Amino acid sequence: MIIMNVKYIDSLLFFCAPIFFAVLLDCQANEHDYSLSVDWDTGYTLPDLLASPFELNKISDLEKLMDAAWYAEFAMNRTNVGESIFNSCRDYFGQAINGTHTSNENEMGPYLEFKVMCEATRILLSAKKPKFNFLPILVLADDLPNLLPKAVALQTSLAETNRNAKNSALVHWADITPITKYESHSITKSTYSHNGGYHEFEIVGKGDADNNNFQDVFVVVRDYLESGNYFNIRLLVLSVDSDNNWQLIEAL
């Protein structure tokens with residue numbers, strides 16, 4: 001005969017009773033299923049890119065990162081004040097415009113790391129606590145290229161982007177860039193290889209970015225091409241509904 005503690009039974013019923021939560025959480029004890037909050041993950045690296053050590057303990061600490069000095073400063077041109085020096089996210093948000101570029105070409109890659117992490121900080125600060133979560137336990141799974149929209153695919157020219165956008169036969173990322181190899185490094189990081197290059201995906205954080213009560217996931221993507229020294233870094237805000245339909249909310 002099995003004897004269960006009455007308080008335990010009451011707690012279990014309280015947690016698993018709502019039927020609509022059974023779809024979301026499946027009543028399985030896994031924090032990645034039902035951690036409904038705004039949080040950061042391994043892909044959020046801004047605290048490691050600062051001149052001084054910074055201990056990030058809670059979401060409200062992110063506001064301090066806006067003014068924290070980077071470990072490097074960048075001479076910039078084509079800002080809203082002409083030539084300038086960027087040394088913090090506050091500099092970036094206050095002066096960067098479309099076309100802003102580092103004065104030294106070889107500094108553009110490192111600058112993009114700071115830029116993307118500043119944008120990630122902005123999104124984490126503005127995100128709301130979600131009520132529902134349809135994200136799978138393993139977000140960066142091997143079938144993700146067949147689920148994400150084609151706008152996620154790396155497209156290196158505006159002409160290519162426009163051409164693919166008009167082609168109705170292309171629906172998903174894999175339709176444009178078929179994936180030849182998949183590697184899962186952890187629950188937050190995966191690599192997707194294709195003919196000619198590869199993409200590193202890593203989760204930056206989660207939260208409700210578009211105020212629709214559903215948990216979204218923020219992912220940093222580093223794109224590499226085998227020919228030449230091409231490197232790009234992007235920030236994607238992704239969402240998925242109960243039917244496993246994925247949506248690209250924002251790309252930066």
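Any read-out appearing in this document is the output of simple, stated calculations on the displayed coordinates, not a laboratory observation. Everything numeric here is computed off the predicted structure, so don't read it as measured data. Here Cβ is always computed from backbone atoms with ideal geometry, including for glycine, and neighbour counts include all displayed protein chains.
Pairs of Cα atoms nearer than 8 Å and 6+ residues apart set the relative contact order; for segment 40-126 it is 29 percent. Annotation note: trypsin sites (Lys or Arg not before Pro) in segment 111-178 located in DSSP loop regions with a Cβ neighbour count of at most 13 within 10 Å are Lys131. Rounded to the nearest 500, the 222 nm mean residue ellipticity of the chain from helices alone is -7000 deg cm²/dmol, with -39,500 (n - 2.57) taken per DSSP H run of at least 4 residues. Taking the chain as a Gaussian network of alpha-carbon nodes connected by springs under 10 Å, the highest mean-square fluctuation of the residues Val219, Val152, Val204 belongs to Val152. Of all complete DSSP H helices in the chain, those with a Cα span along the helix axis of 20 Å or greater and a mean Kyte-Doolittle hydropathy of -0.5 or more are 108-126. Packing, taken as the mean count of other beta carbons within 10 Å per residue, orders the peptides 53-59, 69-75 from highest to lowest as 69-75, 53-59. Normalising by residue count, the chain has a Cα convex hull of 171 Å³ per residue.
A Gaussian network model of the chain, with springs between Cα atoms under 10 Å, assigns the largest mean-square fluctuation among Lys64, Lys206, Lys129 to Lys64.
Annotation: amide H-H contacts under 5 Å for Leu36 (H modelled 1.01 Å from N, sequence separation of 5 or more, or interchain): none. Relative contact order of the chain, taken over Cα pairs closer than 8 Å and 6 or more residues apart, is 19 percent.
Can you tally the lysine pairs in segment 140-246 where the Cα-Cα distance is under 21 Å and the two residues are eight or more apart, or on different chains? Each step should come with its number before you reach the end.
On the way: Lys150/Lys166; Lys150/Lys181; Lys150/Lys189; Lys181/Lys189; Lys189/Lys206.
For segment 140-246, the number of qualifying lysine pairs is 5.
Remark: the Cα gyration tensor places segment 57-194 in the oblate category, a/c being 1.5 or greater and a/b not exceeding b/c.
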